[in-house]
Amino acid sequence: MDSLAKKHNRRDIRKALENLPKELDDTYDEAMQRIRSQDEDDAKLAERVLYWISYALRPLTIIEVQHAIAAESGDEDFDEDALPDEDVLVSVCAGLVTIDQQSKIIRLVHYTTQEYFERIRITRFPDAQTSIAMACVVYISFDVFAEGSCRSDKEMETRMHKYPFLEYAATHWGDHARGDPEEAIKERALKFLMHESKVTCSNQVMHLPEYRYFSYSQNFPRGVTGLHLVASIGLVKIVWLLLEREGVDADSKDRDGRTPLSWAARNGHEAVVKLLLEKGAELETKSSNGQTPLSWAARSGREAVVELLVEKGVKLESKMALVRRRCHWLQRMGTRRW
């Protein structure tokens, strides 16, 4: 970057910028070499920090990363003694990460560092997504969450303070599990999904709003089963395994009358919708407000799922009701526009 300041015209600056990505990659490659040359435990810890930051679906605070790294596959509850030291997490990464002192977010030092890891992470960290997904499932499966949902905002705040990684783990474990990781985590995920109160805890956390109004923690879907949850996430292999379990009902309804098919249709998971129908799920079920899987898919703009449901034989009256609702919506939007 200092060399750019010494250029005397735009042509020279342009040429320097063309070489910059390669120069930066060389710099980052050297940093990775320094990381690998450390003690084996330090090198492994650094890699975990780097792939967590690189793959995370939102910025993570330092305490979230500490909890994520501390969660191991055999854990039944969180072990405070397993928390890695904050300073160590930074020092082992050879200058590639920093902590914002105001927000406490741990991040890569520059946007080019993120771009670098996006290019090399699949080959450099081939098992990262599986490790992340497993850590998330382990965390939401802790025995303490068998207490179920929190009954007040105060209880929720206490839980989130003690378990700061819970919100990320509950919300994003399925995102990290899609693809190859699903096979690796399926047994641990099934154990979690068959535990009703742990599912309830996770479901409550998944639906926490950003804005904390009075009684915010109590506004979440009730009566949600593990099948509802995984259908909404779209993990088709795990859905299939759940449906093979005794006592799992493909047409189970939550408190609002929504089935797993409605949840999958609303979120556009075509493969799960197809599987549920093949396993005998009812096509025309209605929730308490009269919504069918078709209307859930349509109102969410899931065209592929709409086409699949129509192909599978949605009744004419359901199709016409959908058209009427669509026309009514367009009419309202037209009125608002003018």
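No value in this document is a laboratory result; all are computed from the given coordinates. Small disclaimer: the values here were computed from a predicted structure and weren't measured. Note: ideal-geometry Cβ built from the backbone for every residue, glycine included; neighbour counts use all protein chains shown.
With only Cα atoms counted, the chain has Rg and Dmax values of 23.9, 75 Å.
The peptide list 182-194, 32-44, put in order of mean Cβ contacts within 10 Å with the highest first, becomes 182-194, 32-44. Against the chain, whose longest principal axis is taken from its Cα atoms, helix 10-36 shows a tilt of about 90°. Think of the chain as having a plus end and a minus end, set by charges on the Cβ of Lys, Arg, Asp and Glu; of LEU50, GLY95, MET206, MET206 sits farthest toward the positive end of this dipole.
If you run the Gaussian network model on the chain, springs between alpha carbon atoms under 10 Å, then out of PRO209, PRO293, PRO260 the most flexible one is PRO209.
Highest GNM mean-square fluctuation among GLY257, GLY268, GLY74, for the chain modelled with Cα contacts below 10 Å: GLY74. A Cβ-based charge dipole, computed about the Cα centre of region 94-205 with Lys and Arg at +1 and Asp and Glu at -1, lands at about 180 debye.
Mind checking Rg over Rh on region 118-225, alpha carbons, Kirkwood formula for Rh? Mind dumping the intermediate values first?
Numbers: Rg = 14.9 Å, Rh = 14.7 Å.
Dividing the radius of gyration by the Kirkwood radius yields 1.02.
Counting charges near ALA297 (Lys, Arg +1; Asp, Glu -1) among other residues having Cβ under 11 Å from its Cβ returns a value of 0. Dipole size of region 156-248 about its Cα centre, with +1 on Lys/Arg Cβ and -1 on Asp/Glu Cβ: approximately 240 debye, rounded to the nearest 20.
Hull surface divided by four, with the convex hull built on the Cα atoms of region 44-199: how many nm²?
The directionally averaged projection comes out at 9.5 nm².
Taking the Cα centre of the chain as origin and assigning +1 to Lys and Arg Cβ atoms and -1 to Asp and Glu Cβ atoms, the resulting dipole is close to 2540 debye.
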